[in-house]
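The values are calculated or read from the model by the stated rules, or taken from the named source; none is laboratory data. Here the structure is a predicted model, which means the values were calculated and not measured. Reconstructed Cβ throughout: ideal geometry from the backbone, glycine too, with neighbour counts over all protein chains shown.
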Amino acid sequence: MSIERMIRGFNSFRSQYFEKNKPLYQKLIKAGQSPNVAVIACSDSRVDPAIVLQAEPGDIFSIRNVANLVPPFVADDAHHGTSAALEFAVCGIGVENIIVFGHAHCAGIQAMISEQKGERVPGHFIGPWANIAAEAYTRTQKEMPDADAETEARCCEKNSVLVSLENLMTFPFIAERVKDKKLHLHGWYLDIVEGTLSAYDKHEKVFKKID
């Protein structure tokens, strides 16, 4: 997509959408944003949660990073972009739902798999970040040690969603609200080839398609 096409796209947005929905934007600016849901999604250009979920402005608080990962809670003075966004969504906005939005054919999870197999991922940041989900690979190896590469990747992608859900519970302000039933956590998985969406059933411990 060229810069020129982006500019044309903005002009189209302004004339065909913004002008028709000015009251909505004025309301969101005046009253502030108050989405009920925070979505932790991948930076992958094919899985924009606002498009996939057909959300309107103000509907979701979107947190995007490589492989839709949640790091464990660490209280120090380092830079924690995803953790800061979670803190703002939960403590600042008061969202009542957090969705970890995984997807098939995730390059970030593939980078994690490569790292776990001893194959160095180029660059400084992707490998260490993707290894937040290293436990997903360990679980996959236990569940299906003889799986082919394709099956292994799909299983790792789903297990990484579960790892992120567990990491969410290491944040005190999240664990407290979950305990008080003021906040609900969800694990979703999008198959971008089949166009299907699944949700994790914690009782049956499987991802089930959402119809």
Legend entry - Qualifying residues in the stretch 31-63 (those that are at pLDDT 85 or above and in a helix (DSSP H, G or I)) - the one nearest to V161 (Cα to Cα): P49
Inset, instruction - Could you tell me whether any residue of the stretch 66-77 is among the aliphatic types (A, V, I, L, M), loosely packed, with under 11 Cβ neighbours inside 10 Å, out of contact with any helix residue (DSSP H, G or I) (no Cβ under 8 Å at 6 or more places or on another chain) and assigned to a helix (DSSP H, G or I)? - result: no
Inset, instruction - Report those helices (runs of 4 or more DSSP H) wholly inside the stretch 78-155 carrying at least 2 residues which are among the basic types (K, R). - result: 134-143
Inset, instruction - Output the number of residues of the stretch 156-207 satisfying the condition of being in a loop (DSSP other than H, G, I, E, B) and of a type in the set (G, A, S). - result: 1
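For every residue, the table says whether it meets (1) of a type in the set (D, E); (2) farther than 18 Å from G187 by Cα; (3) more than 15 Å from the chain's Cα centre (by Cα).
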position: E4; (1), (2), (3): yes, yes, yes
position: K22; (1), (2), (3): no, yes, yes
position: V66; (1), (2), (3): no, no, no
position: F88; (1), (2), (3): no, yes, yes
Legend entry - Unique residue being in contact with a strand residue (DSSP E or B) (Cβ under 7 Å, 6 or more places away or on another chain) and among the charged types (D, E, K, R) when the list is K202, K117, K209: K209
Inset, instruction - For F61, work out the one condition from (1) free of Cβ contacts under 8 Å to residues at least 40 places away in the same chain; (2) assigned by TED's automatic domain parsing to the domain that holds C156; (3) surrounded by fewer than 18 Cβ atoms within 10 Å (Cβ to Cβ) it doesn't fulfil. - result: (3)
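Kindly indicate which of A133, A149 is surrounded by fewer than 18 Cβ atoms within 10 Å (Cβ to Cβ), among the small types (G, A, S) and assigned by TED's automatic domain parsing to the domain that holds S62.
A149
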Legend entry - Residue that is nearest to V100 (Cα to Cα), among those in the stretch 138-188 that are among the small types (G, A, S) and over 13 Å from the mean Cα position of the chain (by Cα): A175
